[in-house]
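One structure below.
The values are calculated or read from the model by the stated rules, or taken from the named source; none is laboratory data. All values reported here derive from a predicted model rather than from experimental measurement. Ideal geometry is used to build each Cβ from the backbone, glycine not excepted, and the neighbour counts take in all protein chains shown. Ligands, DNA and RNA are excluded from the accessible area calculation, which covers all protein heavy atoms including side chains. Shrake-Rupley method; radii C 1.70, N 1.55, O 1.52, S 1.80 Å.
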Amino acid sequence: MAARTRTMQFKAETKQLLDLMIHSLYTNKEIFLRELISNASDALDRLRFEALTNSDLVDGDDTYEIRLETDPEARTLTIHDNGIGMSREEVIANIGTIARSGTREMVEKLKATESKEAAAQLIGQFGVGFYSSFMAADSVSLVTRRAGEESATYWESDGGGKFKIRDAERASRGTSITLHLKSEDKDNGIEDFTDQWVISRIVRRYSDFVSYPIKFRAEREEVEKDEDGKPKEGGKTETIVEDKTLNSMKPIWTRPESEVKEEEYNEFYKHISHDWNEPMRHMAFRAEGRIEYQTLLFIPSVPAHDLYYHGHEYGLQLYVRRVMIMDKCQDLIPRYLRFMKGVVDSSDLPLNISRQRLQEDRHISQIRRWITKKVLDSLTAIQKDEPEEYLKLWEAFGRAIKEGIGSDWDNKDKIVSLLLFQSSADPEKLTTLAEYVERMGEEQKEIYYLTGESRAVVENSPHLEAFKAQEIEVLFLVDPVDELMVQSLTDYEGKSLKNVWKGEVELGSEEEREEKKKNLETQQEELKDLLESLQKRLDDHVKHVRLTNRLTDSPVCLVGADHDYSPQMEKLLQMGKGAGPKQRHILELNPDHPILKKLRERFEADKEDPALDEYAQLLFGYGKIAEGSELEDPVAFNKAMAGLMARGL
């Protein structure tokens, strides 16, 4: 056994989180017990689920419970459960490392945060569970044995960057976590967590709805009674030790909404989500008829730290007749609503349904459609009746909701009505497509937009100059998901969505457009030789050089054909694959700009002037920089710039 004892280092991110916990970033320290009870409940859920297909794991002991034990003299609190337990490898993986997407970014944010409130919110987003025990304990130890295995594992740490792990003995499956408590310090939120009344109050407040009995071996004094059951005068007082169940265990979703306090809903949300923040709101639904099920859903107030990572795990808890059979059932809710948390309890599914059968079950498909409709209807109601609240919701989850445009055709119209966009009409206020259409002029036939990495880049783009001159509104699409969204959102109420970076610009009345077209054709013919010369010099970079009426102040811009990828889409493809498609764009020149007029004079004076190569490189580079793209050949651009500057000084 000694050969199996090891002292190991926490991973760097885990150690940093432990340091933050130990140094009291979170003032409400009693919530550590909620976190540990929640973990114990999860372990029992997992055992029940695995036992559906492997009854040997239960091994005759099908009494599921969580037990709290205190020792006031030793100042310890132990949380026992007879759940699934952990193997040695699982202890190292689950306790020694926080292996989650975005861990490093979350730690960096925490280190940069000065206020305790902001730090608490970040910790809440991460849901560090077990590590919260170090807020109340100087050291923590655990003994665990995985169901179906004979060996047990002992783990201990004082949170100082190292932990010890060795083989141990345990009579039965499950986990026991012992906290060696800090001294009582009420000013800093540390109560006497060995006191049975303190323990009872915390459990009732945070964990009353846990579906397993939370037992505490309580002591009470009882005076000797007479034959009538009344206390004897002068009778002896004896101490009675008995198990006391501290929680009601009644599933909160089965109770009438009128009987449940908002605080109870909030605590249940924290229990199932491991989020320390209050939810934005809850939604309780019940379906009766051929298929019966109950649903309690929550909209978080802040997004999970890894919500927009590809590996983000999501799903609703699935219960069958109040027995949880899956912790994160993705089949119950579409991915674009993955921020939703909650439970679904159905009486029409078999307890031992497999994951494969679950995906094929028509009841699940119907529940998914029903939940999706209910959630979208609720979001629509919030948008209509509580616009300020909806703005907060959109800020947190709008990027996810946009994903539904390309994946949920049945509900596309509802999702479109929920979309909010930045716009050239107002630097502060977001707009819906319906509001945009209301503001359109009579001559405007299309909904204009421009994509980019930020508002600052987009609103200063030369592509907007003609639109600004005629006071035509343009939507700014600055989320990465927008590029994918517009591929499925091509029109709204009969009006096409038009990317102002692509194709030619035709603004104004039909008469005005025709006049501009004729003028441009005339100028194009006059400058034909110069444009062909520039095309030849830039042939590796652009597929066409032409004049445009979209520019009023800038000399040049780059645009794409109708089916080209936008610059933002090119960047995203390059980030995803390491090398995106090589595209040649169209170079458009402002025929009224002094630069083009001077360039024409120089060209007519000497068509072979070497400086024309440098001017061509500068014009192309100007266009790349103006649209927010990187220069394709920075060396050539700098060389051309330096040469012209040297001759001009």
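Look at the range 430-449: where a residue is over 20 Å from Ser509 (Cβ atoms) and a partner is small (Gly, Ala, Ser), sitting 6+ places away or on another chain with Cβ atoms under 6 Å, you get Thr431/Ser423. Residues that are modelled with pLDDT under 80 and either at positive phi or open to solvent by 50 Å² or more (accessible area, probe 1.4 Å) (or both): does the range 25-35 have at least one? The answer is yes; a qualifying residue exists.
Please find, within the range 595-625, the residue that is surrounded by the most Cβ atoms within 10 Å (Cβ to Cβ) out of those that are under 43 Å from the mean Cα position of the chain (by Cα) and closer than 18 Å to His544 by Cα.
Kept after step one, since they are under 43 Å from the mean Cα position of the chain (by Cα), are these residues of the range 595-625: 617-625.
Of the ones still in play, those that are also closer than 18 Å to His544 by Cα are 617-624.
Details: Gln617: 23, Leu618: 19, Leu619: 24, Phe620: 27, Gly621: 21, Tyr622: 20, Gly623: 24, Lys624: 20.
The extreme case among them is Phe620.
Just one of the listed residues (Lys232, Lys244, Lys225, Lys236) is at pLDDT 90 or above and either basic (Lys, Arg) or at positive phi (or both), namely Lys244. Under the condition of being under 19 Å from Gly560 (Cα atoms), part of a helix (DSSP H, G or I) and among the charged types (D, E, K, R), the residues counted in the range 615-646 number 1. From the list Gly160, Gly124, Gly148, the lone residue that is part of a loop (DSSP other than H, G, I, E, B) and at pLDDT below 90 is Gly160. Tell me which residues, restricted to the range 46-68, are at pLDDT 95 or above and either surrounded by fewer than 17 Cβ atoms within 10 Å (Cβ to Cβ) or not charged (D, E, K, R) (or both). Of everything in the range 46-68, those that are at pLDDT 95 or above and either surrounded by fewer than 17 Cβ atoms within 10 Å (Cβ to Cβ) or not charged (D, E, K, R) (or both) turn out to be Ile66, Leu68.
Per the listing Lys516, Lys502, Lys582, the residue uniquely open to solvent by 20 Å² or more (accessible area, probe 1.4 Å), without any contact (Cβ under 8 Å) to a residue 12 or more places away in the chain and among the basic types (Lys, Arg) is Lys582. Of all residues in the range 236-261, how many are open to solvent by 20 Å² or more (accessible area, probe 1.4 Å) and either touching a Cys at 6+ places or on another chain (Cβ under 7 Å) or in a loop (DSSP other than H, G, I, E, B) (or both)? Of the residues in that region, 7 qualify. Considering the conditions (1) touching a residue at least 24 places away in the same chain (Cβ under 8 Å); (2) under 16 Å from Ala425 (Cβ atoms), Pro462 is excluded by exactly one of them, (2). Among all positions in the range 439-459, there is at least one residue which is out of contact with any His (no Cβ under 8 Å at 6 or more places or on another chain), more than 23 Å from Lys624 (Cα to Cα), modelled with pLDDT of 90 or more and open to solvent by 40 Å² or more (accessible area, probe 1.4 Å).
Restricting the first member to the range 399-411 and to residues that are at negative phi and assigned to a loop (DSSP other than H, G, I, E, B), and the second to residues that are open to solvent by 40 Å² or more (accessible area, probe 1.4 Å) and not hydrophobic (A, V, I, L, M, F, W, C), the beta-carbon pairs closer than 8 Å and six or more apart or on different chains are Ser407/Arg335. Please verify whether Asp479 is at pLDDT 95 or above and open to solvent by 30 Å² or more (accessible area, probe 1.4 Å), treating the condition exactly as stated. Taking the combined requirement at face value, the residue does not satisfy it. Here Pro555 meets each of (1) open to solvent by 50 Å² or more (accessible area, probe 1.4 Å); (2) modelled with pLDDT of 90 or more with one exception, condition (1).
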